[in-house]
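**Student:** Have a look at the structure that comes next, please.
Nothing in this text is a laboratory measurement; each read-out follows from the coordinates by a stated rule. Given the structure is predicted, the values throughout are model-derived calculations rather than measurements. Backbone-built Cβ (ideal geometry, glycine too); neighbour counts: all protein chains shown.
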Amino acid sequence: MEALTGIRLRMSRDEASFTAKLAGGHPITEGLEEQRIGVPRRGFPVCYADDPAATVLGRLEDGRAALVVKAGESWTSVFSTVPMLPARLMRNLARMAGVHRYIDSEDVVWASRNLLAVCARDAGKRVIRLPGKADVRDLYTGETVGKDVTAFEAEFGKNATRVFTVIP
C-alpha cells in the first residue's frame, strides 16, 4: 500500500477501534470537524499512517494517524484506516480532486451517459449541474426540463426520486 499511496504505513496486530476523530482546518474535513467516523467495532490487524510528511486529518482513539493526506509534485494521496467514510467527506475529496459534482446537497445521485436520477430525502428545489450542455427531460412525465443547458432546477417532494434523460 505504501508503494501505491506514497504514504508510509505501519501495521499493528494489536486490537484497536475502527473509528477516528476528525480534525478541522483542511478542505477534506470541512464541515466534519471533531466528528467520529468509521464503524463502532474493534479488531486487528490495523494499518495506520506513520509518515511525518503526511497531514493528519483524523486519529484513532489511541492517537495513531487514521486519516491522512499527502501531496507530491503531481499527485495527492489519501489513506484511511477506518471504513465507511461519510458522504460529505467523499464529496469534499471529489471537490478537491476537481471531479464533476451534479449536486451539492446530501441527496443520492446516479448518473450514466444518458440517465440521471436524484433521490432527495427532504422536499425542495435542487440545482443540478451537468458535465456539459444537454437537453434534459423528465423520464416519467416527458416534460422538457431544459434545452442546451449545463444546469437545471428541479422540485422534489420528501423522499422523492426523479429520473431525467440527458441527451448531449
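**Student:** Please specify each residue of the range 92-118 satisfying the condition of being farther than 16 Å from Ala154 by Cβ, touching a residue at least 40 places away in the same chain (Cβ under 8 Å) and of a type in the set (A, V, I, L, M, F, W, C).
**Tutor:** Those that are farther than 16 Å from Ala154 by Cβ, touching a residue at least 40 places away in the same chain (Cβ under 8 Å) and of a type in the set (A, V, I, L, M, F, W, C): Leu93, Met96.
**Student:** Working only within the range 81-116, note down all residues that are part of a loop (DSSP other than H, G, I, E, B) and more than 30 Å from Leu9 (Cβ to Cβ).
**Tutor:** His100, Tyr102, Ile103, Asp104, Ser105, Glu106, Asp107, Ser112, Arg113, Asn114
**Student:** Are any residues in the range 80-95 surrounded by 14 or more Cβ atoms within 10 Å (Cβ to Cβ), over 10 Å from the mean Cα position of the chain (by Cα) and among the aliphatic types (A, V, I, L, M), and if so, which ones?
**Tutor:** Val82
**Student:** Just checking, how many residues over the range 10-28 are closer than 26 Å to Gly98 by Cβ and in a strand (DSSP E or B)?
**Tutor:** 2
**Student:** For Leu130, indicate whether it is in contact with a His (Cβ under 8 Å, 6 or more places away or on another chain), free of Cβ contacts under 8 Å to residues at least 40 places away in the same chain and hydrophobic (A, V, I, L, M, F, W, C).
**Tutor:** No, not satisfied.
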